[in-house]
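**Q** Structure in structure tokens, see below.
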Amino acid sequence: MHSFDHNAFCNVADGLHELCWEDFARMAPEERQAALDHSLEISVSSMAHGWQDVEIAIDGRKMWCHISSAIGSSYDDFAQAVADMGICDSLSFTWAQEPGSCTWHISRLCDVVHVNAPVSKTGSVPAVYLRWDDFLDAVNPSLRDEMLLCQSSWHDEKALSWGERIDDDSRELAFSTQFDLLRIPKGLGWHGELWEELLINVAGKSYSYCDCGFDELVEAIDGLADGQDLIFRHGQKPGGLHDWFCSRRGDLAIIDNPVFDIGWDLVSYQAIRDAFTNLKPRS
């Protein structure tokens with residue numbers, strides 16, 4: 001197991017956030033594992049006249065934020081801001097309380113996030129480290145259900161039948177469709193895994209996201225059999241934001257991602273395979 005590479009994330013945040021990652025970097029691997037062992041539960045109740053009650057519980061300790069979505073941001077705005085965070089990113093998000101306000105301070109490094117929940121008149125909860133997936137689940141528990149539904153729809157409605165409807169014109173277009181990839185190292189996660197940015201160009205459209213485990217994805221694409229429908233999961237839980245769908249019928253394939261929606265372009269399987277296996281070496 002590699003040591004935590006704090007220098008890879010020197011531009012993440014300042015002040016309090018920077019200090020929290022210095023503390024995390026000094027921990028032994030088993031201490032980091034224990035530091036992530038927290039529970040976070042959030043529940044939201046909509047009130048009359050543009051008010052929302054947000055209950056936040058960390059390790060069973062609770063506090064409430066009574067927020068005004070009429071004059072400020074709503075809970076859904078907060079959930080979207082969290083979902084939009086990059087792999088090395090920080091977020092300060094404020095809710096109006098009329099009078100006053102309360103603010104989240106969140107710092108993410110790959111698959112770990114440091115969370116400072118707001119302080120309100122009802123009290124406070126401790127700042128904690130959490131796994132990124134667990135934090136996303138707590139902030140927006142419906143997101144994973146949506147991704148799972150997307151996976152089910154992809155497999156049941158599309159992947160099983162697309163190969164029966166390919167005519168000569170579609171085949172010709174598929175073999176002329178551009179598919180290019182570029183792989184850019186971004187840093188090391190908390191237990192030494194390499195996180196990278198993958199730049200994707202399909203039929204002239206560009207996509208980008210960051211994740212880890214690209215070597216395993218390359219192997220999965222390389223070994224895709226004729227007639228196989230593949231759902232490749234990067235994360236430990238099904239329904240992750242960066243899961244890949246790939247389906248092969250003979251010398252053609254389709255490839256997609258539930259978030260970036262590549263669009264079901266038919267591509268030569270060899271072109272997809274070559275693009276993944278010929279990714280530029282890591283620097």
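**Q** Which whole-number percent is the relative contact order of region 46-127 (Cα, under 8 Å, 6+ apart)? Walk me through the intermediate numbers first.
**A** Details: 148 pairs, mean separation 21.0, N = 82.
RCO, region 46-127: 26 percent.
**Q** I'd like the FRET efficiency for Asp168 and Glu193, computed as 1/(1 + (r/R0)^6) with the beta carbon distance as r and R0 of 41 Å, rounded to 0.05.
**A** On the way: r = 45 Å, r/R0 = 1.09.
Given R0 = 41 Å and the Cβ-Cβ separation, E is 0.35.
**Q** For region 16-157, divide the Cα radius of gyration by the Kirkwood radius and give the resulting Rg/Rh value with two decimals. Could you put the intermediate results ahead of the total?
**A** On the way: Rg = 16.3 Å, Rh = 16.3 Å.
For region 16-157, the value is 1.00.
**Q** If I model a spin label as a point 7 Å beyond the Cα along the Cα-Cβ vector, how far apart are those points for Ser124 and Leu19 in nm?
**A** Here the answer is 1.2 nm between the modelled labels.
**Q** A further question on this structure: For an R0 of 45 angstrom, estimate the FRET efficiency from the Cβ-Cβ distance between Glu41 and Gln178 and round to the nearest 0.05.
**A** Details: r = 46 Å, r/R0 = 1.02.
That gives a FRET efficiency of 0.45.
**Q** Efficiency by 1/(1 + (r/R0)^6): what FRET value for Asn201 and Ala83, r their Cβ-Cβ distance, R0 = 30 Å, to the nearest 0.05?
**A** Details: r = 24 Å, r/R0 = 0.81.
Result of the calculation: an efficiency of 0.80.
Every number here is computed from the coordinates shown, using simple stated rules; none is lab data. As the structure is a prediction and not an experimental result, all values here were calculated from the model. Every residue, glycine among them, receives a Cβ derived from its backbone with ideal geometry; neighbour counts consider all protein chains shown.
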